Amino acid sequence: MATSSNGSVPRSVPAAQNSLRNRQIAAIKSMLNFNSQVNKSLQPSEPVWKLLVYDKFGQDIISPLLTVKELRQLAITLYLSVDGSREPVPDAAAIYFVTPTQDVVSRLCRDLHSYLYESYHFNFITPVPRPLLEEVAKAAVDANCVAQVSKVYDQYLNFISLEDDLFITRHQDKTAISYYELNRPDCKDTDIQAITDIIADSLFSVFVTAGMVPIIRCPRGNAAEMVAETLDKKIKDNLRDPRTSMFTGDTLSVSQIGFSRPLLIILDRTMDLATPLHHTWTYQALAHDVFDLQLNRITIPQSTDDEGSVQQAKSYDLHGSDGFWRSYKGSPFPEVADAVQSEVTAYKAKETELSRLRDVMGASNGDDSQLMPADLSDSTAKLTSAITSLPELMEKKKSIDMHTNIATSLLDQIKKRKLDLFFEIEDKLLTRSTPDKPILDILTDPSAGEPEDKLRLFLIYYILSQDTMPESELEQYLTALESMATDTSPVHYIKKWKALTKMAANPRIAKQASTGYSSSSMSTMFQHLYTSGTKMMEGVRNFVIRTKDLPFTRIVDQLMEMKVTKETEDFRYFDPKLLRGTDSSARGRGPFQEAYVFVVGGGNYIEYQNLQDHCSRQQAGSSGTAINQPTKRITYGTTELMDATEFLAQLSLLGKSID
């Protein structure tokens, strides 16, 4: 039995498909092909059938990448949980994809003693510690099945790719690395270091899979800085010995859009608490805010329509292969509603045409004299073409039905919760415009939406208010919220957070204070950043979304363009390739064309879409001014994708922990 890293397996994919997600798919397919590259032209006529055994972490990684059909095409006949009861399949090879924990390794040892499979291919998501590896080896010797253990691989695939430009650290046990865990008052240094190590290990896997060594930038004085320091050291240690480095040979890749190295920007959630609470207006972010959208699967809960009939809960998979989703996920909801209606109309037109052709051919079978030869020939050709495209048409209908149901359910929630009203008001707050109606009047208006939505609105207003709010005024807002039986614990935490950031902005005061919260000069930066219809949509506002960059997008733009501003002048700089380099290392390189943006403490689809829109605007603006100008690309990652309800729950726990 031998161990190996995935460095022995080239992860090369065509340049046009060289996204992080596609490279992870290539690595997974290689693993499922016994850790050799999948070459369709050399596929044997008789495939080697095998089964896949995974834990919950492995399942979360694979499920957004490969469908059941694609697993079948890779000769996977069964896929089983390592934690479940499994029957022996003595003539099959078993491919394991698991995390190297004590519980999992104990299960592997029991499988060896039970002689469940013909051969064992152990693939660990992260490097297996030496003691656990020795435990597996001892079990193989004791069971006299060393020859059946083909190989043990460290795969370095410890992250979840949801889209070409989107990934998260984990889905299982995500609360262990949440914003709450990083900021709770009783959090010890050892706890923060443990969380930092988990995040840094995941980011290390990201760049091993991407095959690139990044330049790292981060703010000072928070968890993001700790992650950057840990990751920088981890990459440096790996680069010291070229024989074992994961960044040499076939694992290396050029940038997705050029030959320069990418920029990794690690940000902290404490830098912007308003955006995760924001009511959004784009399709994907709205679906995530209103419904349960996890790992690209959306669940619409059971509901009752106007006629009193119960609509059962439905779940749908939202993949990039769906052309409608790919085209409209970042569009304002009214545009999506229009597009759904247009798709339905187009489909009905094709259905009508197909029916007409069928009727024409039926007439020719009964009485050929009714048709001219040219008409018959033309109709036959069109019918043949229609039949050929029938599978595509059926798939189109499936997509239309899905998006019609999602859009209709979203529309019901928009009208019920007045989400368009909240979005419009918050949009004005974010752009420093005056709302048409005072915030207190909205909170006390029983017809203006639900209590949680009102709490989110007030928190955004409170966070963005630069002046200290008088206690008497704050008490009025709290009274209004409490009258709706709303948990106001998040308000108490935000009050504490504002005081801490204000104190951190004054170095003299900050030195005199000692708190359990991570803080830095974020208050000043935060203020700088924020200063700087169809029938289906009847009754819903159809306004134009202002083109604006959110706080993190502005920081990313400044760092990619190598601009020194008040918001970024204090950011640290790491280059893992400079084994003895420090923050004073030369930074004379030009603007970056590719960046990875990672948010410690939780992210959201709002920021992800805003970054993608920023890239699109820049590309559109430069298309007429430069020839062959490189395309900018930003990949967004975070410890978890949380909706506003989840973030409120964490703020509530933090608020309750304040004495």
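The values are calculated or read from the model by the stated rules, or taken from the named source; none is laboratory data. Only a predicted model underlies this, so the values are computations on that prediction, with no experimental measurement involved. Note: ideal-geometry Cβ built from the backbone for every residue, glycine included; neighbour counts use all protein chains shown. Only protein heavy atoms, including side chains, enter the accessible area calculation; ligands, DNA and RNA are left aside. Shrake-Rupley method; radii C 1.70, N 1.55, O 1.52, S 1.80 Å.
Quick check on packing: order 428-439, 162-173, 143-154 by the mean number of other C-beta atoms within 10 Å, highest mean leading.
Details: 428-439: 13.3, 162-173: 20.1, 143-154: 17.5.
Final packing ranking: 162-173, 143-154, 428-439.
Search the structure for amide H atoms under 5 Å from the amide H of Asn123, placed 1.01 Å from N in the peptide plane, and list their residues when 5 or more places away or on another chain.
Close amide H contacts, sequence-distant or interchain: Tyr96, Phe97, Val98, Tyr153.
Which value in nm describes the separation of the simple spin-label points at Lys348 and Asp292, placed 7 Å from the Cα toward the beta carbon?
Each label point is offset 7 Å from its Cα along the Cβ direction, giving 3.4 nm.
For the range 591-596, just list the computed ³J(HN,Hα) in residue order, Karplus coefficients 6.51, -1.76 and 1.60, θ = phi - 60°, integers in Hz, with x standing in for Gly and Pro.
For the range 591-596, the Karplus curve yields x, 8, 9, 9, 9, 10 Hz.
Once amide H atoms are built 1.01 Å from N in the peptide plane, which residues 5 or more positions from Val597, or in another chain, come under 5 Å H to H?
So Val597 has HN proximity to Ile265, Thr635, Tyr636, Gly637.
Any idea what the dipole of the range 421-505 comes to, in debye rounded to 20, about its Cα centre with Lys/Arg Cβ at +1 and Asp/Glu Cβ at -1? Kindly include the intermediate steps, with their values, before the conclusion.
Details: 9 positive and 15 negative charges, 95 e Å.
Once rounded to the nearest 20, the dipole reads 460 debye.
State in Å² the accessible area per residue of the range 400-495; use a 1.4 Å probe, count heavy atoms of protein chains only, and round to the nearest integer. Show your work: numbers first, answer last.
On the way: 3980 Å² over 96 residues.
Per residue, the range 400-495 has an accessible area of 41 Å².
Under 29 Å Cα to Cα from Lys138, which lysines show up? Leave out anything in the same chain fewer than 8 places away.
Lys50, Lys56, Lys151
Amide H to amide H, which residues 5 or more places from Asp272 or on other chains are under 5 Å from it, using H placed in the peptide plane?
Counting only residues 5 or more places away or on other chains, the set is empty.
Hey, what's the per residue convex hull volume over the C-alpha atoms of the range 387-433, in cubic angstrom? Don't jump to the answer; show the numbers that get you there.
Details: hull volume 3.8 nm³, N = 47.
Given the Cα convex hull of the range 387-433, per-residue volume reads 80 Å³.
Given contacts defined as C-alpha pairs under 8 Å and at least six residues apart, what's the relative contact order of the range 140-196, whole-number percent? Numbers along the way, then the final one.
Values: 21 pairs, mean separation 9.6, N = 57.
Worked out over the range 140-196, it gives 17 percent.
Under the classification rounded if a/c is under 1.5, otherwise prolate if a/b is larger than b/c and oblate if not, where does the range 421-505 fall, given a ≥ b ≥ c as square roots of the Cα gyration tensor eigenvalues?
On the way: a/c = 1.94, a/b = 1.27, b/c = 1.53.
Oblate.
Taking the mean number of other Cβ atoms within 10 Å as a proxy for protection, how do you rank 406-416, 196-206 from highest to lowest? It would help to have the intermediate numbers written out before the result.
Working: 406-416: 17.9, 196-206: 22.4.
The most tightly packed comes first, giving 196-206, 406-416.
What ³J(HN,Hα) values, in whole Hz, does the Karplus curve 6.51 cos²θ - 1.76 cosθ + 1.60 give for the range 472-482 when θ = phi - 60°, with x put for Gly and Pro?
For the range 472-482, the Karplus curve yields 5, 5, 4, 5, 4, 5, 5, 4, 4, 5, 5 Hz.
Output ³J(HN,Hα) for the range 226-235: one whole-Hz value per residue in order, computed from phi by the Karplus curve 6.51 cos²θ - 1.76 cosθ + 1.60 with θ = phi - 60°, and x for Gly and Pro.
Coupling constants for the range 226-235: 5, 5, 4, 4, 5, 5, 4, 5, 5, 5 Hz.
FRET efficiency for Asn144 and Lys415, Cβ-Cβ distance as r, R0 = 56 Å, nearest 0.05? Can you show the working numbers first?
Values: r = 68 Å, r/R0 = 1.21.
It comes to 0.25.
Which links in Lys188/Lys233; Lys174/Lys502; Lys69/Lys396; Lys236/Lys548; Lys188/Lys496; Lys174/Lys428 stretch past 26 Å when you go from one Cα to the other?
Details: Lys188/Lys233 22 Å; Lys174/Lys502 30 Å; Lys69/Lys396 18 Å; Lys236/Lys548 38 Å; Lys188/Lys496 19 Å; Lys174/Lys428 33 Å.
From Lys188/Lys233; Lys174/Lys502; Lys69/Lys396; Lys236/Lys548; Lys188/Lys496; Lys174/Lys428, over 26 Å: Lys174/Lys502; Lys236/Lys548; Lys174/Lys428.
Just to verify a number: FRET efficiency for Gln102 and Arg356, C-beta to C-beta distance, R0 = 51 Å, to 0.05?
In this case the efficiency is close to 0.15.
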